[in-house]
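Chemist: Sharing a structure, written as structure tokens. Questions coming.
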Amino acid sequence: MANSASEKALLTLIGDWRTLPADIPQQDAVSDFYRALFPRLMQEAAQYARQSRFIGFRATAEDRTIRQFFGVAVPHITHPVQELCAWVLAENTWWMWDNAKECTGELTWLWRDTTPSFFVGGFLAESLPEADAFSREGKVPFQMTTNAYYQTECVLAQDDIELVPYTPHWTEAYEEMAQLLRTTFSEVVLRVAHYGSTSIPEMPAKPVIDILVEVPSFEAATPHLIKGLNRPEWSYWWYEDHMIFIRRDLSTGKRTHHVHIAPPAHRLWEGVTFRDYLIAHPEDAAAYARLKESLSVRYRSDREQYTTAKTDFIRQTLQKIA
């Protein structure tokens, strides 16, 4: 079965499953699962190709429990993978080898990009093991959750926190990317905004342009955005209630842009309010700059902690505006 399925494959993955509980913050549960798998998946991918990509698919039950698959794309499967599973997605069927067990079922693509080297898509799957709670009339709807390319023989640059002085070139970089997004995704882009520290004059910042894009809904936007940005310089992540596309310089591995995707009235739009307040209140902006400088030293190698530690200042500032 493995050989016949692989011959007809549209997408072949090596990875693992987890059912993630609803009582743990989704971002934490997914991140812990991914981190544990990264080293093993990179090792497997190196046996197949010089460049590969991480791909995840997620189904969410009504009780907010998550059925998460995370794997690495390979051109085909040449040998059994111990302690992992192999998943082949074809035109109308899926096949899986999981812990020495084989299973198969029907598959319906909801959307897909059929470019051979960059194939992606969302789908409905029948008969997935241990997935009854996620079914809708016997079918489990899966959405794509990550699509990160990397070179198998090297590791991307570390995402250390490094603040640099403000430069007007950040505004130019924003305008260039904003125009590209408006033009490329005119069907779903409602509004584009430059926010974050690179949007505030004289504010020291990580040299990464934060862009916020409003879309009517994830259902409408996902096929357009993933197809259009499914290239090696972009990584795609789906959090609990928003999406983010991370653009890197392929020569250095360093981040250059964060493109956040959110529907109308999402809490991320408070970032635009925060930006406007600091521009209008230089003393508060200076206090925020001092806080950032201090945190960048304390959490230099922990991007998530650096971001979390700024939360109280941002919340207190928004309360002044309310």
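The values are calculated or read from the model by the stated rules, or taken from the named source; none is laboratory data. The structure presented is a predicted model; accordingly, all values stated were derived computationally and were not measured. Quick reminder, even Gly has a Cβ in these numbers, built from the backbone with ideal geometry, and neighbours come from all protein chains shown. All accessible areas refer to the heavy atoms of the entire protein, side chains included, with ligands and DNA or RNA removed. Shrake-Rupley method; radii C 1.70, N 1.55, O 1.52, S 1.80 Å.
Chemist: Could you work out how far helix 26-45 tilts from the main Cα principal axis of the chain, as a 0 to 90 degree angle to the nearest 10?
Modeler: Approximately 60 degrees, to the nearest ten.
Chemist: Another question about this same structure. May I ask for the angle, rounded to the nearest 10°, between helix 311-321 and the longest principal axis of the chain, with both axes built from Cα atoms and the value confined to 0 to 90°?
Modeler: 60 degrees
Chemist: Counting only residues 5 or more places away or on other chains, whose amide H sits under 5 Å from the amide H of residue 206 once H atoms are built in the peptide plane?
Modeler: 164
Chemist: Then there's this: What's the extension gain from residue 115 to residue 321 if we count 0.36 nm per residue and subtract their Cα-Cα distance?
Modeler: On the way: separation 206, 0.36 × 206 = 74.16 nm, distance 4.77 nm.
Using 0.36 nm per residue and subtracting the Cα-Cα distance, I get 69.4 nm.
Chemist: Another question about this same structure. Rounded to a whole number, what % of the accessible area of the chain do carbon and sulfur atoms account for, probe 1.4 Å? Don't jump to the answer; show the numbers that get you there.
Modeler: Working: 8060 of 15990 Å².
In the chain, the share of accessible area belonging to carbon and sulfur is 50 percent.
Chemist: Which option, [x] 17.1; [y] 21.1; [z] 19.0, is the value of mean projected area of the Cα convex hull in nm² that was calculated from these coordinates?
Modeler: [x]
Chemist: Another one. Per residue of segment 161-172, in order, report the coupling 6.51 cos²θ - 1.76 cosθ + 1.60 (Karplus, θ = phi - 60°) as ³J(HN,Hα) in whole Hz, putting x for Gly and Pro.
Modeler: 7, 9, 7, 10, x, 4, 9, x, 5, 5, 5, 5
Chemist: Residues with amide H under 5 Å of residue 189's amide H, sequence separation 5 or more or different chain, H placed in the peptide plane at 1.01 Å from N; which?
Modeler: For residue 189, whose amide H was placed from the backbone, there are no distant partners under 5 Å.
Chemist: Give me the one-decimal nm value for the distance between modelled label points at residue 64 and residue 297, 7 Å along each residue's Cα-to-Cβ direction.
Modeler: Output for this residue pair reads 3.9 nm.
Chemist: Using a simple charge model, +1 on the beta-carbon of Lys and Arg, -1 on the beta-carbon of Asp and Glu, nothing else, what dipole does the chain show about its Cα centre, in debye to the nearest 20? Walk me through the intermediate numbers first.
Modeler: Numbers: 32 positive and 42 negative charges, 97 e Å.
Dipole size: approximately 460 debye.
Chemist: Helix 218-229 against the longest principal axis of the chain: what's the angle in degrees, Cα atoms only, rounded to the nearest 10?
Modeler: Value to nearest ten degrees: 90.
Chemist: Collect residues whose amide H, placed 1.01 Å from N in the peptide plane, falls under 5 Å from the amide H of residue 85; neighbours closer than 5 in sequence don't count.
Modeler: When sequence neighbours closer than 5 places are left aside, the close amide H contacts are 15, 16.
Chemist: Measuring with a 1.4 Å probe in the full set of protein chains, what accessible area per residue, in whole Å², belongs to the chain? Working shown, then result.
Modeler: Details: 15990 Å² over 322 residues.
For the chain, the per-residue accessible area is 50 Å².
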